[in-house]
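Novice: Dropping the structure in here first, questions after.
The values are calculated or read from the model by the stated rules, or taken from the named source; none is laboratory data. Predicted, not measured: the structure shown is a model, and the values here were computed from it. Cβ placement follows ideal geometry from the backbone for every residue including glycine, while neighbour counts extend to all protein chains displayed. Note: areas computed on protein heavy atoms with side chains; ligands, DNA, RNA excluded. Shrake-Rupley method; radii C 1.70, N 1.55, O 1.52, S 1.80 Å.
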Amino acid sequence: MEDFWTALENADERSAVAQVTEALDQGFAPEDVLLEVIAPAQRRVGVRWAENRLTVAQEHAATAVSDRAVTAVADHPAARVPARLGRAAVACADGEWHTLPARLVAEVLRLRGWHVDFLGAHVSARQLVSHLHSTGPDAVALSCSLPVRLPVAHAAVTACRAAGVPVLAGGAGFGPDGRYARLLGADAWAG
C-alpha cells in the first residue's frame, strides 16, 4: 500500500496502474485491490487535504490517479463477472462532486454480479427519477460526502422511495453512524 500511496503523492498514474495490474495478475481479488489498496490510499489523500498537507491541486491529481487505477481494475480480465443479481443505479447527490467513493461502490457491486448504472456526480432528484423510470433498477445507491448536501440528498431519497425504489445512502455526509440517512428515509446506510 505504501508504494500505491507514493504513486498518488507523486501523481504517478503509470506506477499506480502498474501496481494494481500486477496485483491482479498475481491473483489478488479485484475487490480487495479496490477496498484494501485504492480506497485506504484515497482516504489518506482526503485526510492530508483536510490537514492542509496537500493542496487542492495535489488532491485532485491524486484522485485522478486513483480513478485511473479503479478503471484499470475494472478493465482487468479478473474483474469480468456476469451480471446475474439485478440492476442498481449509483449516483452522487445533487451538488456532490466527490465521485470516487460512489465509483468504488459501483465497481464492487459489478464484481458481486450486479448490472450497474453509474450516473456520476451532481445528479438531481429529477434526473435520478427519470433514470429510474427508464431503466427500472432494483435499488439506488446515493453518495453524499458533505453534510451541506443533505437537503438535496433528502429530495433524492424521497423521490426514489416514491418511485418504489429502495435507497442505500452512503458517505460521510450522512453522519459517522448513518443517523442522517435514517432520518432522511433511506432504507439502509453504508459508510
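Novice: Can you list residues whose amide H is under 5 Å from residue 95's amide H, if they're 5+ apart or on another chain and H is modeled 1.01 Å from N?
Specialist: Under 5 Å from the amide H of residue 95: 122, 123.
Novice: Output wanted: per-residue J couplings in Hz (rounded whole) for the stretch 35-47, from phi through Karplus 6.51 cos²θ - 1.76 cosθ + 1.60, θ = phi - 60°, x for Gly and Pro.
Specialist: Running phi through 6.51 cos²θ - 1.76 cosθ + 1.60 with θ = phi - 60° gives 8, 10, 10, 5, 4, x, 5, 5, 4, 4, 4, x, 5 Hz.
Novice: Using 0.36 nm per residue of separation minus the Cα-Cα distance, give me the extension gain between residue 183 and residue 43 in nm, one decimal.
Specialist: 47.8 nm
Novice: Further question: What's the local net charge at residue 44, with K and R +1, D and E -1, over the other residues with C-beta under 14 Å away?
Specialist: -3
Novice: In whole Å, what is the distance between the alpha-carbon centres of the stretch 1-32 and the stretch 142-178?
Specialist: If you average the Cα positions of each part, the centres end up 31 Å apart.
Novice: What is the set of long-range amide H partners of residue 190 at a cut-off below 5 Å, with H atoms built 1.01 Å from backbone N?
Specialist: Residues meeting the criterion, in which the H sits 1.01 Å from N, are 169, 170, 171.
Novice: Go through 112, 14, 149, 48 and list them by solvent-accessible area, largest first, probe radius 1.4 Å.
Specialist: 14, 112, 149, 48
Novice: Output the antiparallel fraction of DSSP beta bridges having both residues in the chain, as a percent to the nearest 5.
Specialist: 0
Novice: Hey, another quick one. For n ≥ 4 DSSP H runs only, could you compute -39500 (n - 2.57) per run for the chain, divide by its residues and tell me the 222 nm figure to the nearest 500?
Specialist: So the calculated ellipticity at 222 nm is -15500 deg cm²/dmol.
Novice: Right, another one. Assuming a ≥ b ≥ c are the square roots of the Cα gyration tensor eigenvalues, decide whether the stretch 68-142 counts as rounded (a/c under 1.5), prolate (otherwise, with a/b larger than b/c) or oblate.
Specialist: In terms of gyration-tensor shape, oblate.
Novice: Points 7 angstrom from Cα along the Cβ direction at residue 71 and residue 124: gap in nanometres?
Specialist: Between residue 71 and residue 124, the label points sit 2.8 nm apart.
Novice: If one takes the longest principal axis of the Cα atoms in the chain, at what angle in degrees, from 0 to 90 and to the nearest 10, does the Cα axis of helix 13-25 lie?
Specialist: That works out to roughly 80 degrees.
Novice: HN-Hα J couplings of the stretch 109-115 from phi, Karplus 6.51/-1.76/1.60, θ = phi - 60°, integer Hz, Gly and Pro as x?
Specialist: Computed from phi, the couplings for the stretch 109-115 are 4, 4, 4, 8, x, 8, 7 Hz.
Novice: Which far-off residues, 5 or more places away or on another chain, put their amide H under 5 Å from the one on residue 118, with H placed in the peptide plane?
Specialist: Amide H to amide H, under 5 Å and 5 or more residues apart or across chains, residue 118 pairs with 90.
Novice: If you stretched the chain out fully between residue 25 and residue 161, how much longer would it get, using 0.36 nm times the residue separation minus the C-alpha to C-alpha distance?
Specialist: 44.8 nm
Novice: What ranking do 77-86, 57-66 get when scored by the average of other Cβ atoms within 10 Å per residue, highest first?
Specialist: 57-66, 77-86
Novice: Hey, of (1) 1.01; (2) 0.98; (3) 1.09, which did the structure itself give for Rg/Rh (Cα atoms, Kirkwood Rh) when calculated?
Specialist: Label (2) holds the value from this structure.
Novice: Determine the dipole magnitude for the chain: charges of +1 sit on the beta-carbon of Lys and Arg, -1 on that of Asp and Glu, nothing else is charged, the reference point is the Cα centre, and the result goes in debye to the nearest 20.
Specialist: Here the chain has a charge dipole of around 720 debye.
Novice: Also: Which angle from 0 to 90°, rounded to the nearest 10, does the C-alpha axis of helix 150-162 make with the longest principal axis of the chain?
Specialist: Approximately 60 degrees, to the nearest 10.
Novice: I would also like to ask the following. Below 8 Å between Cα atoms, with a sequence gap of 6+, how large is the relative contact order for the chain in percent?
Specialist: 17
Novice: Which angle between 0 and 90 degrees, to the nearest 10, do you get for helix 56-75 versus the longest principal axis of the chain when only C-alpha atoms count?
Specialist: With rounding to tens, the tilt is 90 degrees.
Novice: I've got another one for you. Evaluate the distance, in nm, between pseudo-label points positioned 7 Å from the Cα of residue 55 and of residue 138 along their respective Cα→Cβ axes.
Specialist: 4.7
Novice: State the answer as a single residue: which of 46, 130, 102 lies farthest towards the positive end of the charge dipole of the chain, with beta carbon charges of +1 for Lys and Arg and -1 for Asp and Glu, about the Cα centre.
Specialist: The residue sitting farthest along the positive end of the dipole is 130.
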